[in-house]
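Below: one structure, written as structure tokens.
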Amino acid sequence: MNIQEEIRILNSSIELIENYVNYSICCFPEDRTKLVNSVLPQDTTAKKYFFILLLDVIAGVNKEIISSKKDGDNLLDLLLKISNSPQLDFNSNRTNELKASVESFIFWLDQVFKYEIHSAGIGKELTITLTRKDAIYLIGNRCKHSILRSSAILKKLVGIYKASGTEITPADEIMILEDIDNWLFDDFGGYHFTKLCELSAKVHIGIMHYIHAIYLQRFERLDEIRYCYKLPENLDEYGKFEYYELLNKARKPSFMPSIETDKYLTHRY
């Protein structure tokens with residue numbers, strides 16, 4: 001990974017998280033100094049938007065944009081690489097907080113859970129096994145697409161059901177899509193909404209702590225109004241723009257709440 005790719009990944013990560021962890025999407029207390037233990041979405045539409053954007057956290061990054069990525073690398077994988085080998089500041093101690101937050105998010109997503117459900121569409125009781133990452137994939141894509149573009153999630157869901165020992169006939173396949181709404185979006189998605197806000201916010205805070213140190217090193221005051229940043233080498237013109245954009249985020253950071261999920265919202269699924 002080169003320095004220009006690192007800048008692009010950090011910029012994209014900050015913007016993405018700020019787009020779904022904010023006052024428009026989440027019910028945060030007006031007192032911004034308060035530690036948040038429980039978060040609700042503003043409404044159903046906000047909740048759907050939240051999970052649609054979360055797809056960009058877990059989905060593979062395009063190689064056309066980040067050419068150094070390996071097959072299957074998602075945003076968290078790339079952030080972990082940055083935390084292990086930062087290019088903007090070779091002092092890896094500055095990325096310890098980012099590394100810990102990303103590792104926690106990846107670990108949480110990889111956890112496997114079992115869930116007993118009643119599939120109303122096919123009239124069957126079953127116990128399914130899947131990872132939290134798979135659950136978010138199903139929720140996000142169900143929120144994003146109409147039934148006319150749901151073949152990929154339907155195929156994945158049928159595979160999960162068959163792995164649980166439940167046979168799904170071709171005629172019944174379309175009937176199980178509503179199970180995502182009933183037991184994943186409503187139940188799993190509601191229960192873990194706070195935890196997903198917490199994990200995302202901590203990644204954001206880790207990034208901001210890393211780039212704030214770079215901002216302090218690179219900032220130069222020209223006069224009462226004007227300023228500039230000392231530029232790294234090997235940046236093209238657009239890379240210079242992205243670099244300024246990144247450090248300006250540290251100069252005037254957006255609000256991100258401190259979230260510690262209440263223990264009663266961490267035991268299930």
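Under a model in which nothing but the beta-carbon of Lys, Arg (+1) and Asp, Glu (-1) is charged, the range 1-123 shows a dipole of about 100 debye around its Cα centre.
Rounded to the nearest 500, the 222 nm mean residue ellipticity of the chain from helices alone is -15500 deg cm²/dmol, with -39,500 (n - 2.57) taken per DSSP H run of at least 4 residues. Each Lys or Arg adds one and each Asp or Glu subtracts one; over the other residues with Cβ under 12 Å from the Cβ of residue 121, this totals -4. Count the net charge of all other residues whose Cβ sits under 12 Å from the Cβ of residue 213, scoring Lys and Arg as +1 and Asp and Glu as -1. Within the 12 Å Cβ shell, the charges total 0.
Between the residues 206, 257, 217, the greatest Cα displacement towards the positive end of the dipole of the range 192-259, with unit charges on the Cβ of Lys, Arg, Asp and Glu, is found for 257. Of the residues 127, 175, 159, the one whose Cα sits farthest toward the positive end of the charge dipole of the range 113-191, with +1 on the Cβ of Lys and Arg and -1 on the Cβ of Asp and Glu, is 159.
Under the membrane-span-like helix rule (DSSP H runs whose alpha carbons stretch at least 20 Å along the helix axis, mean Kyte-Doolittle hydropathy -0.5 or higher), the chain yields 3-20, 44-58, 96-110, 193-218. Evaluated at q = 0.22 Å⁻¹, a Debye calculation over the C-alpha positions of the range 113-191 (equal weights, vacuum) places log10 I(q)/I(0) at -1.05.
Mean projected area of the convex hull spanned by the Cα atoms of the chain, taken over all viewing directions: 16.4 nm².
Take 89-95, 218-224 and order them by the average number of nearby Cβ atoms within 10 Å per residue, most first; the result is 89-95, 218-224. The order of the peptides 108-115, 253-260 by mean Cβ neighbours within 10 Å, most packed first, is 253-260, 108-115. List the residues, sorted by chain then number, that are 5 or more residues from residue 130 or on another chain and whose placed amide H is less than 5 Å from its amide H. Long-range HN contacts for residue 130: 113. Annotation for the range 23-93 versus the range 245-269: alpha-carbon center distance of 10 Å.
We did not get these values from a lab; they are worked out from the coordinates using the rules stated. Values in this document were obtained by computation on a predicted structure and should not be read as measured data. Virtual Cβ from ideal backbone geometry, glycine too; neighbours counted across all protein chains shown.
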